[in-house]
1. Considering only residues that are closer than 16 Å to Asn323 by Cα and either surrounded by fewer than 17 Cβ atoms within 10 Å (Cβ to Cβ) or out of contact with any helix residue (DSSP H, G or I) (no Cβ under 9 Å at 6 or more places or on another chain) (or both), which ones fall in segment 1-32?
2. Please determine whether any residue of segment 87-108 is part of a helix (DSSP H, G or I), at pLDDT below 95, closer than 30 Å to Val302 by Cα and away from the ligand (no atom under 15 Å from the Cβ).
3. Go through (1) within 24 Å of the chain's Cα centre (by Cα); (2) modelled with pLDDT of 90 or more; (3) of a type in the set (Gly, Ala, Ser) for Ala179 and report which single condition fails.
4. Within segment 128-139, is there a residue that is of a type outside the set (Ser, Thr, Tyr), under 16 Å from Ser246 (Cβ atoms) and within 15 Å of the ligand (Cβ to nearest atom)?
Amino acid sequence: MAPSYDPFDPAFRADPYPVYAALRAEQPVAHHPAGPGRPEFWALTRFADVWDAVRAPETFSSASGLTFFPDEIGSLGLPPTLVMLDPPVQTRLRGLIGRAFTPRRIAELEQKIRGFAKERIAELTARAADGETPDLHQVLSAPIPVFVLADLLGVPERDRASFTPWVSALTEIQNDGFAVDLNDGESTGLHAVTEMMGYFSDAIAHRRTCEHDDLIGALVAAELDGQRLTDWDILGFCFVMVAGGSDTTASLISHAITLLTEAPAQREVLLAEPERIGTSVLEFLRLESSVQALARTTTREVSVAGVTIPARAKVMMVYGSANRDPEEFGPDAHLLDVRRSPDRHLAFSSGPHFCIGSHAARLQATVALQELLAAHPRITADADAGVRHDSYFVRAWKSLPCGDLSA
Ligand code: HEM
């Protein structure tokens, strides 16, 4: 009997990989009866099963939310976001958003990201020179996506002091599965998210009155087949960008350094062949997938690998396991290989919900690693002293002290 997939168990979260391996081998479609505080659910852990399921939204729907619990965003009083709609409504919305959120808009940010990364690395270096053990995650990885999101969303310099705590608050609420009490007037997290949504509502209203050259301005102006985005559509997209694009990207940067710390020979390959940094980012993400698992809800009874799953069941797509499946990636699937070019993996999902921000995430991580390895080629991270977010669906750092910066 395979061990249980129990993302509520801190021991499982600390190292889920042995459990994933056992589940893939023995119980690839695992059923979990309802328990205290958690509903009944199924978990898919093999690459092929997750791949097929996420590409079949007519059977595995996103419209009832992505956590174990139904309608988590709606319960916050927020608009339905792209990620929680099914085709064809999602396809139309994504097409319109794609008119404004273009790869070109992202590529244009490269020099700004590079400049900002250099500043943060200088700060790391200065702190180390002062005898401190700098926190790689806090000083470098986490600020980069916050900077990029603020820039993309047109948040001016004077408002950025508010923006950073808003992003942190939303990350915390999200990592708790949106389990907030809406009647809790004291909830600082809820207060921060409400403030942020108010800020973006005002920004949308302002851009409706005059043209603006930022992403919100472009979303307001976007048109496809005579259709336009509503304020709710744009607000939902701002929300999902901040919710999905922050600690995921930051943790990719930090995980790259924990993985290189564990595999010194792979670091030497990257230092000798720095042109591989761009594709190695996908390999880091394959091995340590920031999004470990998200749910779908079945619209009908369905059989997966011989197991019958009933209609209206919550089914976890365990991306973190699928990405280490030896059936897909070979017998060394659990090992870092920076020369691997994993063009088909599930860290950004696949099918209609394939991460629309993947190019933004890849660019940020590539630039950050290029600059960091140029400045400190043998930087290490002390994963044992690090602190992770307490979450069942993201594998993300809160804090990660540097090991050695000096070499
Ligand atoms: C390493 C960083 C990132 C990872 C691992 C990641 C992962 C994912 C995954 C797995 C999904 C699919 C969700 C599902 O299965 O239902 C997704 C969707 C999405 N992501 Fe990302 N993401 C990252 C960065 C970003 C960034 C930087 C942005 C925006 C700036 C972003 C915006 C979105 C949006 C809007 C969707 C919804 C797409 C849709 O439903 O059509 N993500 N992401």
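The values are calculated or read from the model by the stated rules, or taken from the named source; none is laboratory data. The model shown is predicted, which means the values in this text are computed figures rather than measured ones. Cβ coordinates were reconstructed from backbone atoms using ideal geometry, including for glycine residues, and neighbour counts include every protein chain displayed.
1. Asp15, Tyr17, Pro18, Ala22, Ala25
2. no
3. (2)
4. Within segment 128-139 (the criterion being of a type outside the set (Ser, Thr, Tyr), under 16 Å from Ser246 (Cβ atoms) and within 15 Å of the ligand (Cβ to nearest atom)), the answer is yes, since at least one residue qualifies.
Results for (1) surrounded by fewer than 23 Cβ atoms within 10 Å (Cβ to Cβ); (2) within 14 Å of the ligand (Cβ to nearest atom); (3) closer than 17 Å to Leu369 by Cα, shown as yes or no for each residue.
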{"site": "Thr248", "(1), (2), (3)": "no, yes, yes"}
{"site": "Leu252", "(1), (2), (3)": "no, yes, yes"}
{"site": "Ala263", "(1), (2), (3)": "yes, no, yes"}
{"site": "Ala272", "(1), (2), (3)": "yes, no, yes"}
{"site": "Phe284", "(1), (2), (3)": "no, yes, yes"}
{"site": "Leu287", "(1), (2), (3)": "no, yes, yes"}
{"site": "Leu294", "(1), (2), (3)": "yes, yes, no"}
{"site": "Arg300", "(1), (2), (3)": "yes, no, no"}
